[in-house]
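**Student:** Quick one: this structure, given as structure tokens, is what I'll be asking you about.
The values are calculated or read from the model by the stated rules, or taken from the named source; none is laboratory data. Keep in mind it's a predicted model, so treat the numbers as computed, not measured. Here the Cβ positions follow ideal geometry from the backbone for every residue, glycine too, while neighbour counts run over all protein chains shown.
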Amino acid sequence: MVEIEKYNLTEEEEKKLILREYRSLLRALKLRLKKGDKKLVRRAFEIAADAHQHMRRKSGEPYILHPLAVAKIVVEEISLGVTSVICALLHDTVEDTEVTLKEIEMEFGNTTAKIIEGLTKISTVVESKNTTQQAENFKKILLTLADDPRVILIKIADRLHNMRTLVSMSREKQLKISSETTYLYAPLANRLGLYEIKSELEDLALKYTETEVYDEIVDKLKNTRRERTRYINEFIKPIKEELEKNHFDFEITGRPKSIHSILHKIRSKHVTFEEVYDLFAIRIILKTNAEKEDCWKVFSIVTDLYTYSKDRLRDWISTPKSNGYEALHTTVMGPAGRWVEVQIRTERMNEIAEKGLAAHWKYKEGNAGQESKLDEWLKHIKELLQNPESNALDFIQDIKSDIFLDEIYVYTPQGDMRILPSGATALDFAFDIHSELGKNCIGAKVNYKLVPLSHPLKNADQIEIITSKKQKPHEDWLKFVKTAKAKSRIKYYLKEEKRVIAQDGKVILFKKLENLKIPTTTAVINDIASNYKFQSPLDLYYAIAIGSFETKALSSIKYLNDKVIFVVEEKKEPIKELLSTEDAKEIPGKGYELILFGESSDKIMYKLANCCQPIPGDDVFGFVTSGEGLKIHRTNCPNAASLLANYGHRVVKAKWAKNKEISFLTGVKINGIDDVGVINKITNVVSGELKMNMRSMSIDSSDGVFEGTIMVFVNHKEELDVLCKRLEELEGINKVLRLDSN
């Protein structure tokens, strides 16, 4: 882990530091200050400094340095103005200090108060299977997107500063905050066009969730820096000469890809660091007014010098991304047979690519009335958020899949283009056009061929929707639609149908309560619904109507002193199921560290999660599930980000005890050249050299190449790492990877 520097400034030095940071903020804001603005910013700073004066960050430094840093990010890295700076300075005051929203509204007006209300966390959430406090806060943030995107932009700046200073936090906080970042904030930054911030957030999250992997890539990038610089200069030289010859005003830079994107390539393409082909990207930024024309001219110059991969051409100039991103991307074969990504953009495009939404607004002011893809997207978000699901966890999942997936471009029969998330179906397209069209959709023609509703669409498909007035939405539709709009409308229509059926249940329930002489007030019905674990009275009525809940169960309830009294049945404590023997104790609480297979854990039962199959040596955490007790997951488990982001409060710190002679079954995937004696070589390494207990081995070969799986028992991750290393050293073996899940 990173060394934490000890904080040791004197009070005088602190005052100077705070003043220096405040002046630095004013300098950054200088060009945006209008008459009277400076006074407002100073007032906001004074209120924040006063409110936070006795507060310190975990690092020991004065808390006020955090709002100052967030305000600076808001100006310098997101390009927002004075109102956003005031909100950034005050963003924690209502939540953490005595300052009220009313006071802020009186000082700075309604807009500022509204943004700060959006930035204030909800603290009064009763957790259920449909919601958690974190989920409700994510939902609240997302709901502000359509009204005032500045809330999210300031929230992203806040998160970026927290990630930059995460080193002084406890390990569980680092995991929780990093997971929230990859789960929600990095994708949001990406969707709002803040690519630089998105990359930094992902890299910083990786630094804490997979420290070893992060450090390894950082080291490899450091070790190859000189060679990379030499290569980039060699690659750029002929391009520079041609651009100068053609009198272009340009800037050209080379840089490595982000650590997160390198790791993603390594894992998704099953390659090593050395094999990541476009490890670096070259960016050409043009100063020109003839934007499209000049970008294509530069593309022509680059592809005359180097051969380009037709599969890797991305034209976001003719069709910008829905977040406003414009550029030409191509991957070309450079010297020494290396692929290099080349990005071509203009200064305006570059500013939008780095500053996202705020830069887009700035350029839009000069073209009043021009609606961009970004405006369309915000309009689309507004539609989605008009009927937010009451179930916060579902709502976030639906929005995430819609907002954060890659895009495809499809067409109506009239040739109008629609942008949908990758994997969207014909039914998603129907709902995207109009809710009624989706509701009555029975099929579609894609490129003039008849297809079912669940048919996944591809780029450039042309779709004609076929409808019938008799068609009604089905529960099954929810299994294959991808967009949040389709999901929310289908749920709405199904609820409408449910409401009609529920009316019969309501009549039955009211009759039963009249017989029991219990009033049918809203409070009584709510009490009954919640006692029998129904989410709402509607669910209770519906269950009665379809016969899944019998009203005779209500015969034992009484009504005394305006209250419903339920006869309590003896219930087993569900938490006890998690524990062993009669001297079982409570599930470990906050701050407790579970030692796996150690003395202090003997009283607590837990299972190792199947999704990631942890073994000793893996970085792990415990998670209290609602039905299966305590489960142990690896921090890089595919489900970790979602669990830690939405249910951080259920996480238990866990670490492995040393020197415990317990074996774990794990496995490796292996492929290579199918040569004589290859199986013999493999078994020699596993059983002979390393004396490992092998449970099974399956090998399948075809056309001179074999693939196989070896299942072995290990005591520690180090043993598995040694096995992978030794197998990879064998002649003819191409790749050895740990098996991640069943």
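**Student:** Please find, among K603, K571, K563, the residue that is over 30 Å from L720 (Cα atoms) and either at pLDDT below 60 or in contact with a Pro (Cβ under 8 Å, 6 or more places away or on another chain) (or both).
**Tutor:** K571
**Student:** Pick from I518, I463: which is farther than 24 Å from K449 by Cα, in contact with a Phe, Trp or Tyr (Cβ under 7 Å, 6 or more places away or on another chain) and not in a helix (DSSP H, G or I)?
**Tutor:** Every option except I518 fails the conditions.
**Student:** Within the range 49-66, take every residue that is closer than 21 Å to E172 by Cβ and touching a residue at least 12 places away in the same chain (Cβ under 8 Å) and give me the one that is surrounded by the most Cβ atoms within 10 Å (Cβ to Cβ).
**Tutor:** H66
**Student:** Can you find even one residue in the range 629-638 that is touching a residue at least 24 places away in the same chain (Cβ under 8 Å) and more than 30 Å from P187 (Cα to Cα)?
**Tutor:** Looking through the range 629-638, at least one residue is touching a residue at least 24 places away in the same chain (Cβ under 8 Å) and more than 30 Å from P187 (Cα to Cα).
**Student:** Hey, among the residues in the range 187-218 that are hydrophobic (A, V, I, L, M, F, W, C) and touching a residue at least 60 places away in the same chain (Cβ under 8 Å), which one's farthest from K355 (Cα to Cα)?
**Tutor:** Among residues in the range 187-218 that are hydrophobic (A, V, I, L, M, F, W, C) and touching a residue at least 60 places away in the same chain (Cβ under 8 Å), the one farthest from K355 (Cα to Cα) is V213.
**Student:** Right, here's the next one. Would you confirm whether any residue within the range 73-86 is among the acidic types (D, E), without any contact (Cβ under 8 Å) to a residue 60 or more places away in the chain and either in contact with a His (Cβ under 9 Å, 6 or more places away or on another chain) or more than 30 Å from K198 (Cα to Cα) (or both)?
**Tutor:** Within the range 73-86, not a single residue is among the acidic types (D, E), without any contact (Cβ under 8 Å) to a residue 60 or more places away in the chain and either in contact with a His (Cβ under 9 Å, 6 or more places away or on another chain) or more than 30 Å from K198 (Cα to Cα) (or both).
Per-residue answers, yes or no, for (1) surrounded by 12 or more Cβ atoms within 10 Å (Cβ to Cβ); (2) in contact with a helix residue (DSSP H, G or I) (Cβ under 8 Å, 6 or more places away or on another chain); (3) without any contact (Cβ under 8 Å) to a residue 12 or more places away in the chain:
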site: F480; (1), (2), (3): yes, yes, no
site: K487; (1), (2), (3): yes, yes, no
site: Y492; (1), (2), (3): yes, no, no
site: D527; (1), (2), (3): yes, no, no
site: A545; (1), (2), (3): yes, yes, no
site: K552; (1), (2), (3): no, no, yes
site: S555; (1), (2), (3): no, no, no
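**Student:** Can you pull out the helices (runs of 4 or more DSSP H) entirely within the range 2-101 that have at least 3 residues that are farther than 30 Å from E210 by Cβ and of a type in the set (D, E)?
**Tutor:** Hits in the range 2-101: 11-29, 37-51.
Residues are listed down the side, and each one gets a yes or a no for (1) at pLDDT 90 or above; (2) more than 19 Å from A71 (Cβ to Cβ); (3) over 35 Å from the mean Cα position of the chain (by Cα):
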residue: L9; (1), (2), (3): no, yes, yes
residue: E14; (1), (2), (3): no, no, yes
residue: E21; (1), (2), (3): yes, no, no
residue: S24; (1), (2), (3): yes, no, no
residue: K30; (1), (2), (3): no, no, no
residue: R43; (1), (2), (3): yes, no, yes
residue: A48; (1), (2), (3): yes, no, no
residue: Q53; (1), (2), (3): no, no, no
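**Student:** Which residue, of S309, S300, S322, is under 33 Å from the mean Cα position of the chain (by Cα), among the small types (G, A, S) and exposed (fewer than 15 other Cβ atoms within 10 Å of the Cβ)?
**Tutor:** One residue alone meets the criteria, S309.
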